[in-house]
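What follows is calculated from the coordinates using simple rules that are stated; it is not laboratory data. Quick caveat, the model's predicted, so the values are computed rather than measured. All Cβ positions, even for glycine, are placed from backbone atoms using ideal geometry, and neighbour counts span all protein chains on display.
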Amino acid sequence: MNEIIIAILRSGTPLIYVTLAGVIAQRAGVWNLGLEGLMIIGACATIVGIMLTNSILAAILIAIVICVLASILLWFVIDRLKANPIIAGLGLTGLGIGGTALAVQSIFGSQASVTAPFGIPKLGPAFGAYGVLSISVAAMPFVVFGMWVLLRRTRFGLRLAACGEHPFAARSVGANPSRMRLVALSIGGVLCAIGGAELAAGSLQFFAQGMTAGRGFMAFAAVIFGASHPVGATFAALFFAVVGALGIRAQLMFGDKIPHDLLQALPYLATVFGVWLSGKLRGGTKAASSFAELKDQ
Amino acid sequence: MKDSLTTVVRSLIFVAFALILCALVFQFAGYNALTMLWAVADGAFLRSGAIEQSLRWALPLFITAVGVGISFRAGFFNIGAQGQFYVGAICAAFAAEAFKGGPAFLVIPALLISGMLGGALWALWPGLLRLRSGTDEVITTLMGNFMAGLLLVYVTSGPLKDPSGSGQQASSRPLDAAYRISDSLGLSPTIIAIAAAVGILMWLLVNRTAFGVLASLAGRNGTMVEWQGARLWKLGLSSFLISGALAGLAGTIEFMGPNGRIASGFLPAHGFTAILIALVANLSVLGTAAAAVFFGGLASAALYLPIMAGLPAAAIDIINAAIALFITARSKLVDRVLRFGGRPS
């Protein structure tokens with residue numbers, strides 16, 4: 001039982017950090033499909049940072065700085081240049097995946113993956129079987145709670161939601177929606193960096209090209225599934241992690257009967273189900289409804 | 001006319017902007033940016049035989065991109081072209097096994113049709129989810145891409161596995177030479193004819209039929225179309241199916257033409273590039289053809305870059321991503337420059 005919970009926490013924690021980044025962007029009214037790219041940038045920067053500075057703290061700081069800069073670029077393109085957020089987000093994702101591949105290749109030669117000597121510190125033997133988990137797993141519930149307080153119980157959070165839902169009304173009481181989006185995306189950049197760091201340096205200590213494998217998009221789906229509420233989205237992300245862990249479990253048990261490539265598709269299938277269910281419960285979302293405006297130029 | 005010219009110029013400005021940005025990034029990463037840009041131009045269009053190679057990549061991309069344009073026009077953000085491309089190729093590969101030994105003039109059309117059906121099938125379920133229960137198609141089609149990728153891994157290492165194949169990449173048994181529609185260079189009269197037929201049919205569909213007009217209206221204002229008596233869900237589902245079928249057709253062409261087999265994870269950037277092509281072309285069919293040649297050139301240059309400029313092929317992915325980042329942008333500055341001397345806005 002313990003090992004299943006450990007497996008779920010290991011695969012769920014990076015997803016939850018990135019999901020929270022999606023939640024705050026969503027509440028500010030930005031559909032952030034760049035999460036995947038930000039996450040892989042965070043993962044790569046952490047591992048490269050460890051190799052260069054020999055310090056985990058410095059490595060995570062480097063990852064945070066780069067992810068925040070990338071988020072600001074996304075904000076600039078969406079907010080200042082009025083680009084379509086979905087296409088721009090996919091572009092950022094492509095930049096992240098291609099850019100990290102290029103960076104690894106140019107820094108370490110033609111290696112497909114880079115292994116770091118150490119990762120994020122572990123909880124240690126004091127926590128028994130759970131001592132193998134990294135400290136960012138233990139910090140996760142507090143970050144979720146902090147996010148809930150920030151978004152639901154502070155003046156800033158309410159203004160952010162107002163800017164996301166009705167920018168015009170928010171402006172009339174003196175809020176600046178554009179700046180709010182910048183702040184939200186920057187906080188999201190920090191969270192994506194931590195999520196990426198946890199993915200690459202939490203239990204694995206290596207970076208491989210394309211290692212996020214759609215986790216950023218899954219986090220985005222968790223935002224939708226969880227009604228862009230920090231706690232709801234966290235549970236949605238945990239649900240995906242549970243399905244993933246069960247898939248791995250099933251591979252071990254029925255690996256000879258069900259092809260494991262198809263079991264690997266379970267989290268993606270669960271994501272489709274989650275988005276379908278949230279659409280059923282609350283009516284459809286409308287990401288693409290305004291897309292045809294492009295042609296009216 | 002002036003307006004469409006403005007649109008084209010705006011697209012080109014942002015493409016150029018993205019290229020400059022990439023050149024700076026590569027310079028910063030320690031590569032010679034000028035060598036790189038020259039290698040791209042040389043590999044795409046200038047070297048002898050480069051145009052043929054660019055067209056080889058451009059034709060399947062054009063077919064997928066026209067389909068993407070049709071669903072975007074109708075207001076549906078079907079970004080699952082990659083998955084539909086894969087499932088189309090998989091279905092054609094299974095059909096090739098089933099029809100083995102039949103006469104080529106029957107088998108070849110049958111394979112093309114099964115590929116289109118496969119692609120349409122992979123667009124059907126996101127379409128139904130979207131139109132019946134309002135499930136956002138951005139996420140379902142995206143997840144469909146990942147699932148199709150895994151399905152391809154499974155098929156090429158399971159039911160269709162080539163036992164003689166070795167190495168890291170699992171691939172299917174090769175298609176009989178009799179059913180191939182081109183050699184490995186990938187440019188043949190058959191493929192050109194298919195692409196031309198798709199282009200003409202889709203141009204007619206978009207510009208000369210009630211469906212095309214209504215679908216474009218539905219993308220702008222669905223309610224109005226309903227008031228005019230059209231069935232919104234019928235229009236929507238058809239545009240999903242057409243875009244899926246065309247992506248599946250492109251996958252089938254890659255299977256029956258240049259590749260001759262399907263391999264796990266082949267052409268992973270096809271769908272994304274096709275979306276870019278549709279957007280650069282501002283969703284017009286003619287523009288799509290022009291943009292496809294440009295991006296086909298980039299795809300062809302990707303094979304040439306490692307040799308010429310010492311750059312990894314990922315460089316082309318970065319260029320594409322940078323174009324994606326900026327292509328839908330509308331800068332007031334650019335607009336002001338474009339309107340200079342033109343009509344007041």
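Place a label point 7 angstrom from the Cα of A:Gln251 along the Cα-to-Cβ direction, then list the residues of region A:6-23 whose backbone nitrogen is under 15 Å away. In region A:6-23, the label zone of A:Gln251 (backbone N under 15 Å from the point 7 Å along Cα→Cβ) covers A:7-8, A:11-12.
A Förster radius of 25 Å, combined with the Cβ-Cβ distance separating B:Trp227 from B:Arg132, puts the computed FRET efficiency at roughly 0.75.
Which of rounded, prolate or oblate describes chain B when judged by the alpha-carbon gyration tensor and an a/c cut-off of 1.5? Cα axes put chain B in the oblate bin.
Comparing mean-square fluctuations of B:Leu124, B:Leu112, B:Leu286 from a GNM of chain B with C-alpha springs under 10 Å, the top value falls on B:Leu286. At an R0 of 45 angstrom, the distance between the Cβ atoms of A:Arg155 and B:Asn32 translates into a FRET efficiency of 0.30.
Comparing B:Ser184, B:Ala123, B:Thr135 along the charge dipole axis of region B:52-303, the residue lying farthest to the positive side is B:Thr135, per the Cβ-charge model.
Lysine pair count for the protein assembly as shown (Cα-Cα distance under 21 Å; residues 8 or more apart in sequence or on different chains): 11.
GNM remark for chain B: springs join alpha carbons under 10 Å apart, and the peak mean-square fluctuation among B:Gly287, B:Gly49, B:Gly236 falls on B:Gly49. Helices assigned as whole DSSP H runs in chain B whose Cα atoms extend at least 30 Å along their own long axis and whose mean Kyte-Doolittle hydropathy is -1.0 or higher are found at B:2-28, B:50-73, B:104-133, B:232-254. In terms of the Cα gyration tensor, with a ≥ b ≥ c the square roots of its eigenvalues, is the protein assembly as shown rounded because a/c is under 1.5, prolate because a/b exceeds b/c, or oblate? The shape class here is rounded. Here's the picture: charge each Lys and Arg Cβ at +1 and each Asp and Glu Cβ at -1 in chain B, and of B:Ser238, B:Trp38, B:Met256 the one pushed furthest to the positive end of that dipole is B:Ser238.
Membrane-span-like helices in chain A (whole DSSP H runs, Cα extent of at least 20 Å along the helix axis, mean Kyte-Doolittle hydropathy of at least 0.0): A:2-27, A:35-53, A:56-75, A:85-108, A:135-152, A:177-201, A:230-254, A:266-282. About its Cα centre, the protein assembly as shown has a charge dipole of approximately 1740 debye under the convention of +1 per Lys or Arg Cβ and -1 per Asp or Glu Cβ, with nothing else charged. For B:Leu24, A:Leu182, the sequence from fewest to most other C-beta atoms within 10 Å is B:Leu24, A:Leu182.
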